[in-house]
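K.L.:
Below are the structure tokens for one structure; questions will follow.
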Amino acid sequence: RGLRGGVGRALLLRVTPAFPPRRPPRPSAHVLDLLPEGRVGPHVDSVKFCGCTIAGVSLLSPSVLRLRSLRDRRDWLELLLEPGSLYILR
């Protein structure tokens, strides 16, 4: 599920300065919020919406970002995100 309206727009505006000057967030960018269980469910980030960049914010507690290749399930990565951190993957 996504954060819509003012909250999502405010978050995108706040993180935009961290992007390279020629690669700001796309106009079609979306903001995902945690499920009630405290996680974002598995999903595929579409190049149509994300371009070549994925960004995330960990606000109040540590979290783990898990990435897995669609081509080879053995190709994966886990990143620990500290509270208050922003990550940008390109």
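K.L.:
How much length is gained if the chain between Arg22 and Glu78 is pulled fully straight, taking 0.36 nm per residue apart and subtracting their Cα-Cα distance, in nm to one decimal?
P.N.:
17.4 nm
K.L.:
Note down the nm distance, to one decimal, between modelled labels 7 Å out along Cα→Cβ at Arg39 and at Leu70.
P.N.:
Between Arg39 and Leu70, the label points sit 2.1 nm apart.
None of the figures in this text is laboratory data; all of them are computed from the coordinates on show. Values in this document were obtained by computation on a predicted structure and should not be read as measured data. Don't worry about glycine lacking a Cβ; one is built from the backbone with ideal geometry, like all the others, and counts go over all protein chains shown.
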